[in-house]
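FYI, it's all coordinate maths here, none of it is from the lab. Just so we're clear, the structure is a prediction, and the values are computed from it rather than from any experiment. A quick note on method: Cβ atoms are made from the backbone with ideal geometry, for glycine too, and the neighbour counts reach across all protein chains shown.
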Amino acid sequence: LTCDEHFELFGRAYGLPDAAAARSRGAIYDSLGFERYARTRADRLSGGTLSKLNLGLALLPDPAVLLLDEPYAGFDWDTYQRFWALVHGRRAAGPQRPDHQPLRRRRGALRPHPRHS
């Protein structure tokens, strides 16, 4: 399936009206810079871009709670920044608890961008 087809399938599985799913998909594509992959088959995506697709599908129904495990694994720098802009933008909608692998960071293995520390 293409990325667009995945969004259509998941939108129906979530029970979203087609217009609402299309609006949400458009907003997700814009926020993650994903539009250029709309007609690309998922099996042809790189690991980081596939992670971006999975994140977008999780965000499609605008869930009240979203638990993510290593959500930016494989992201390029631009997508990493877009991810954090998305997280910060959603803060107004409710409580958020981003976790930056705190144990590894304390040992110095990760150095998050200063804006996110």
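Projection of the Cα convex hull of the stretch 9-97, averaged over all directions and equal to a quarter of that hull's surface, yields 5.9 nm². Within the stretch 26-47, whose backbone N sits under 20 Å from a point 7 Å along Cα→Cβ of residue 9? Zone members listed by number: 26, 28-29, 34-47.
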